[in-house]
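Chemist: This structure is in structure tokens; I'll ask about it shortly.
The values are calculated or read from the model by the stated rules, or taken from the named source; none is laboratory data. Only a predicted model underlies this, so the values are computations on that prediction, with no experimental measurement involved. Virtual Cβ from ideal backbone geometry, glycine too; neighbours counted across all protein chains shown.
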Amino acid sequence: MDKQHENFKRTSVPSRRAEREIVEGWAQGFPDRDNKLGREFQTTFNSSFWEIYLHALFREYGFTMDWSHASPDFHLKTEYGEVVVEAVTANAADGATPEWEKVRLMTEEVARKNFWPLNREAIIRLSSALLSKLRKYRDSYRRLPHVGGKPFVIAVAPFEQPDFQYQYDRPMRALLYDDYVDETAYFRDPDTYKEGPPSVQLSSVEKDNGATIEMGIFGNDDWAEVSAVLFSCVATWGKTVAMSSVPKPGYVAASWGTDSSGRSEMRRASIGVPSEGISDGVQIFHNPHANRPLSLDVFRRHGVVQHYLSPEGRWIRENYDGCLQFRLTQGIGLIDEKKS
């Protein structure tokens, strides 16, 4: 057996039994098509956890999943047509601090409400993850008979750095639509921005090696093969804590949207009092230039935010009111879930 992943070791302790039972429930009916799931869950963890979560999410929606093909990861049959979904995680760069390695509740920059370093790194790593799957589609998936003519969705979860759960939609909106919500500017001088954090165009983001990443990749037909991106920064082990009905000392604190502007409020619940459902925190980013658009009805549900262009040319962010933005858990006898 290869070396066990730190997250696997942390979630294997006796105090995590209730949460493990939730994950086992999510995995019911999820086939191990290449006989590697058990080993990969122990050694890489995050990617396997994300796929198991997606399986449970799609089952909750009532989708039929066709497992007769080895790839892409999911072939969904929904009331609104068939959809193919490829899962991927955004991971830490080589040599960077892994997401599980934290010495305090949050990094100094996030504590100071300077979100740019966090969001910049997320943009870079998300871009890499999405591009890898676009290339995979072009190189092989598009030739598969069961893929052609169907919407293609990339489902991505971020695990690229400590504090990744605080990014919400900021990096993804910038990367896909060149619409960056500059919270750093707002918190530096809130009197200047009476309506809240400004949205700015970044055009590009520079990597450490000097290379640049273009923002607004859904702004033309360069990514027309991708119908939409499914994203969640809260589909972590912390969700199992928030969904558990087994009481334990501790609490779940989360930020929830309160209206369509994106304003939010903090809510706190005791561990053992379920405070969210499996679809809370999911966001769907639609590509207005997709060759095969994804129907808005496929994932439409209260609390699931969908980003799309209206027929009148206005950007809609549907279901901001009642959406889960970020979460953390704290408990006695629990591994600290600051990353959740």
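Chemist: From the list Leu105, Leu131, exactly one residue is of a type outside the set (Lys, Arg), at pLDDT below 95 and surrounded by fewer than 22 Cβ atoms within 10 Å (Cβ to Cβ). Which is it?
Modeler: Going through Leu105, Leu131 in turn, just one is of a type outside the set (Lys, Arg), at pLDDT below 95 and surrounded by fewer than 22 Cβ atoms within 10 Å (Cβ to Cβ): Leu105.
Chemist: Restricting to the range 36-61, name every residue that is surrounded by 21 or more Cβ atoms within 10 Å (Cβ to Cβ), among the hydroxyl-bearing types (Ser, Thr, Tyr) and at pLDDT 95 or above.
Modeler: Tyr53
Chemist: Okay, moving on. It is to be established whether one or more residues within the range 62-71 are out of contact with any helix residue (DSSP H, G or I) (no Cβ under 7 Å at 6 or more places or on another chain), hydrophobic (A, V, I, L, M, F, W, C) and either surrounded by 16 or more Cβ atoms within 10 Å (Cβ to Cβ) or assigned to a helix (DSSP H, G or I) (or both).
Modeler: Scanning the range 62-71, I find at least one residue that is out of contact with any helix residue (DSSP H, G or I) (no Cβ under 7 Å at 6 or more places or on another chain), hydrophobic (A, V, I, L, M, F, W, C) and either surrounded by 16 or more Cβ atoms within 10 Å (Cβ to Cβ) or assigned to a helix (DSSP H, G or I) (or both), so the answer is yes.
Chemist: A further question follows. Restricted to the range 274-288, and to residues that are under 14 Å from Gly238 (Cα atoms) and either of a type in the set (S, T, N, Q) or modelled with pLDDT under 95 (or both), which residue is surrounded by the most Cβ atoms within 10 Å (Cβ to Cβ)?
Modeler: Among those residues, the one meeting the criterion is Ser275.
Chemist: Here is a follow-up. Of all residues in the range 289-311, which are over 20 Å from the mean Cα position of the chain (by Cα) and over 17 Å from Val85 (Cα atoms)?
Modeler: Hits for the range 289-311 are His289, Leu309, Ser310, Pro311.
Chemist: Return a yes/no flag: does the range 293-303 have any residue that is polar (S, T, N, Q) and at pLDDT 95 or above.
Modeler: yes
Chemist: If you don't mind, another one. Do you know which residues across the range 249-268 are among the hydrophobic types (A, V, I, L, M, F, W, C) and surrounded by 18 or more Cβ atoms within 10 Å (Cβ to Cβ)?
Modeler: Val252, Ala254, Trp256, listed by residue number.
Per-residue answers, yes or no, for (1) within 19 Å of Ala122 (Cα to Cα); (2) surrounded by 19 or more Cβ atoms within 10 Å (Cβ to Cβ); (3) at pLDDT below 95; (4) in contact with a Leu (Cβ under 8 Å, 6 or more places away or on another chain):
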site	(1), (2), (3), (4)
Gly148	no, no, yes, no
Ala155	yes, yes, no, yes
Pro162	yes, yes, yes, no
Tyr180	yes, yes, no, yes
Pro198	no, no, yes, no
Glu214	yes, no, no, no
Asn220	no, no, no, no
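Chemist: More than 30 Å from Asn291 (Cα to Cα) and surrounded by fewer than 18 Cβ atoms within 10 Å (Cβ to Cβ): does that describe Lys194?
Modeler: So Lys194 passes the test.
Chemist: Right, Ala129: free of Cβ contacts under 8 Å to residues at least 60 places away in the same chain and closer than 16 Å to Trp50 by Cβ or not?
Modeler: Yes: the conditions hold for Ala129.
Chemist: Collect the residues in the range 111-128 that are over 30 Å from Val83 (Cβ atoms) and either of a type in the set (Lys, Arg) or surrounded by fewer than 18 Cβ atoms within 10 Å (Cβ to Cβ) (or both), keeping them in residue-number order.
Modeler: Correct list: Ala111, Arg112, Lys113, Asn114, Trp116, Pro117, Arg120.
Chemist: Does Pro98 count as in contact with an Asp or Glu (Cβ under 6 Å, 6 or more places away or on another chain), of a type outside the set (A, V, I, L, M, F, W, C) and either modelled with pLDDT of 95 or more or not in a strand (DSSP E or B) (or both)?
Modeler: no
Chemist: So, one more: Ile284 fails exactly one of the following numbered conditions: (1) in a loop (DSSP other than H, G, I, E, B); (2) under 23 Å from Asp179 (Cβ atoms); (3) not hydroxyl-bearing (Ser, Thr, Tyr). What is the number of that condition?
Modeler: (1)
Chemist: Still on this structure, I have one more. Can you tell me which residues in the range 72-95 are part of a strand (DSSP E or B) and hydroxyl-bearing (Ser, Thr, Tyr)?
Modeler: Thr78, Thr89, listed by residue number.
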